[in-house]
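As structure tokens, the structure follows; a few thoughts come after it.
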Amino acid sequence: MSGADVLLLGGAQRVRTRVRGFAPWTPRGATLELLEQVRGVLGEYEDYLSLTIRQIFYRLVGAHDYEKTERAYGRLCEHLNRARRARIIPMDVIRDDGGVISEPHYWEGTEHFLRTIHAMAKNFKLDHSAGQKSRQVVICEAAGMVPQLERVAHPLGAVVMSGGGFDSLTDKYNFAAQLDDRPTDVFDLGDHDPSGSPYRPPCARPRHGPGAARAQTPGRSAAHQRMTGFTAVGDGKQKESRSNEAVIEIRICVVSR
């Protein structure tokens, strides 16, 4: 048996599948032009790498009139899959947030342990919100935005979390469980369109209009909220945005136990 021969369970036969491993590829025409546009996006956001393919997709829609459909997004995913396998696009500039890798924790020796402790000491920080009248939380709809937002929020002591319209019940509970006796200022970033406007932060479902809101969180008494303001960046038009102009709404509220 040669090194390339592999016995499959049950006598299954190997069939031709998608490209695996690194493989040469020569894109042409519209595909080559698309990859050049992707390189432009990666260069534009060099300080914020790595990006998700979804983030690249939306930038292509906004800057290069790329088709805003799931079919076009799937086509982009396939092209970038081939481009990365062909080493046309570096692997480390694109991240895939879906997978989870769990590795055991261990030390190579005492020197490794001491180097780690020294590195931790250099990065020692106290909780910036300790002793403050309130704590700050930034919520975005897409998990892919968390790495970018934390660069701004963490130095200010703010927590960043994701939670779209169908966010996790577990995340809702954990968020409420971390509330202390101080009010929590929640900065909720989301699309300013019909599909985004009904959304509220994970612990909020207003019942009495923007002036007062009440929500029930499992394991906690009712949480009270006071909507303090709305700020829209863009033209503020209430329409489902299918154009290249993105409108972002920042919803601000104060949450207390």
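Here are the numbers for this structure:
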| read-out | value |
| --- | --- |
| Residue match in the range 119-126 (condition: within 30 Å of residue 185 (Cβ to Cβ), without any contact (Cβ under 8 Å) to a residue 60 or more places away in the chain and surrounded by 10 or more Cβ atoms within 10 Å (Cβ to Cβ)) | no |
| Residue in the range 49-69 that is part of a loop (DSSP other than H, G, I, E, B), closer than 24 Å to residue 23 by Cβ and without any contact (Cβ under 8 Å) to a residue 24 or more places away in the chain present | no |
| Unique residue being of a type in the set (S, T, N, Q), loosely packed, with under 12 Cβ neighbours inside 10 Å and at pLDDT 90 or above when the list is 26, 52 | 26 |
| Qualifying helices (runs of 4 or more DSSP H) (wholly inside the range 90-190; at least 1 residues being within 22 Å of the chain's Cα centre (by Cα) and modelled with pLDDT of 90 or more) | 146-153 |
| Residue within the range 69-82 that is at pLDDT 95 or above, more than 22 Å from the chain's Cα centre (by Cα) and not β-branched (Val, Ile, Thr) present | yes |
| Residue match in the range 77-94 (condition: exposed (fewer than 14 other Cβ atoms within 10 Å of the Cβ) and in contact (Cβ under 8 Å) with a residue 40 or more places away in the chain) | yes |
| Test: residue in the range 27-47 that is in a helix (DSSP H, G or I), within 20 Å of residue 146 (Cβ to Cβ) and in contact (Cβ under 8 Å) with a residue 24 or more places away in the chain | yes |
| In the range 141-163, the residues that are of a type in the set (S, T, N, Q) and without any contact (Cβ under 8 Å) to a residue 60 or more places away in the chain | 162 |
| Set 70, 78, 111: member being over 20 Å from residue 148 (Cα atoms) and outside the structural domain of residue 25 (by TED's automatic domain parsing) | 111 |
| Test result for residue 59, within 17 Å of the chain's Cα centre (by Cα) and surrounded by 14 or more Cβ atoms within 10 Å (Cβ to Cβ) | yes |
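The values are calculated or read from the model by the stated rules, or taken from the named source; none is laboratory data. Just so you know, these numbers come straight off a predicted model, no measurement behind them. Neighbour counts are summed over all protein chains in view; Cβ atoms, including those assigned to glycine, are modelled from backbone coordinates with ideal geometry.
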